[in-house]
1. Looking only at the range 177-215, count every residue that is surrounded by fewer than 18 Cβ atoms within 10 Å (Cβ to Cβ) and within 18 Å of residue 68 (Cα to Cα) and tell me the total.
2. Taking residue 172 and the conditions (1) farther than 27 Å from residue 54 by Cβ; (2) surrounded by fewer than 17 Cβ atoms within 10 Å (Cβ to Cβ); (3) at pLDDT 95 or above, which numbered condition does it fall short on, given that it satisfies the others?
3. Exactly one of these conditions fails for residue 222: (1) assigned to a strand (DSSP E or B); (2) assigned by TED's automatic domain parsing to the domain that holds residue 16. Give me its number.
4. Of the numbered conditions (1) on the phi < 0 side of the Ramachandran plot; (2) within 25 Å of the chain's Cα centre (by Cα), residue 209 fails exactly one; give the number of that condition.
5. Search the range 71-87 for residues being touching a residue at least 60 places away in the same chain (Cβ under 8 Å) and assigned to a loop (DSSP other than H, G, I, E, B), and hand back the single one that is surrounded by the most Cβ atoms within 10 Å (Cβ to Cβ).
6. Residues that are over 26 Å from residue 46 (Cα atoms) and part of a loop (DSSP other than H, G, I, E, B): does the range 232-246 have at least one?
7. List pairs: first residue in the range 52-70 and touching a residue at least 24 places away in the same chain (Cβ under 8 Å) and farther than 17 Å from residue 23 by Cβ, second residue part of a loop (DSSP other than H, G, I, E, B) and among the aliphatic types (A, V, I, L, M) anywhere in the structure, Cβ distance under 7 angstrom, at least six positions apart or on different chains.
8. So which of 304, 258 ends up being surrounded by 12 or more Cβ atoms within 10 Å (Cβ to Cβ), closer than 18 Å to residue 9 by Cβ and modelled with pLDDT of 95 or more?
Amino acid sequence: MAQTARDILGGLLIVDKDGGWTSHDVVAKSRRLLHTKKVGHAGTLDPMATGVLVLGVERATKLLGLLTLTTKAYTATVRLGQATTTDDAEGEILATTPATHLGDAEIAARTAELTGDIQQVPATVSAIKVDGERAYARHRAGEDVRLAARPVTVSRFDILARRDTGDFVDLDVGVECSSGTYVRALARDLGAALGVGGHLTALRRTRVGPFTLEHARTLDELAVAAESGAPLLSLGIDDAVRTAFPHRSISAAEAESLRDGRWLEPLGLEGVHAALTEDGTAIALLEEKGKRASSVMVIRPRGLID
């Protein structure tokens, strides 16, 4: 059966990932459900974590490296009173210290110190490369991994609830942060600042850039939809582009120029933005440099989509 323009262009699939699945597992399952190998993800989510994972399908995989997914939101549970080797519940316990003596005001004050523009040492089990190899691989091989602090922004680190469990204090928290921030490192650093150690016991990503849980479905829900023949994509490529990028309107003649690889006159727009026809059809993603607004991706090039 010949592919339609919709098939060729694809779009975004927003998955509500279950715990225990790696991002690669989700991609592999999605390829089977969608009957295509052209599926990729925009940033990983730890196996223990649940929530929003953004996948690109077919030609929309080319969008993934251009999406401005610089802000993320999470709900999480921090356990005070125990430090682990991985800063989460999957690691080995390093130390246990009673924490129930801590007052709410003291915890709130230390939390505030981890909000704003801060320097954060990533978790040793992060995907950051050290001399060409992932930090988590070096850690699992028994190496003493030491990562440099990096600037991140934590715009929100709110305590939503407190539960005293034995000698531990469990905090349900809400976090909004820049890309590259490790919530498990926030748990570690909060525990260290309070002198009792801390680690993450639960993590759920609720938003990546403009994509939220409202866009997302679990793999089980997607499998049911696939059985019934229902559409699987969360957003077709046009809706995805309109949601993720600022845009400019273009004429029919300008659309044809872009499809042929030519450039447009700049309008003074910053960053990557979309060129849309009057009916909202996405033709290209542009970036202005000097006197040209040049394509960084032609979504509907001549010859591919006619």
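The values are calculated or read from the model by the stated rules, or taken from the named source; none is laboratory data. The shown structure was predicted, so the numbers you read here are calculated from the model rather than taken from an experiment. Because the Cβ atoms are built from the backbone with ideal geometry, glycine has one as well, and the counts that use them run over all protein chains shown.
1. 6
2. (1)
3. Result: residue 222 fails condition (1) only.
4. (1)
5. Only one residue tops the list, namely 87.
6. yes
7. Partner pairs satisfying both residue conditions: 66/272.
8. Going through 304, 258 in turn, the sole match is 258.
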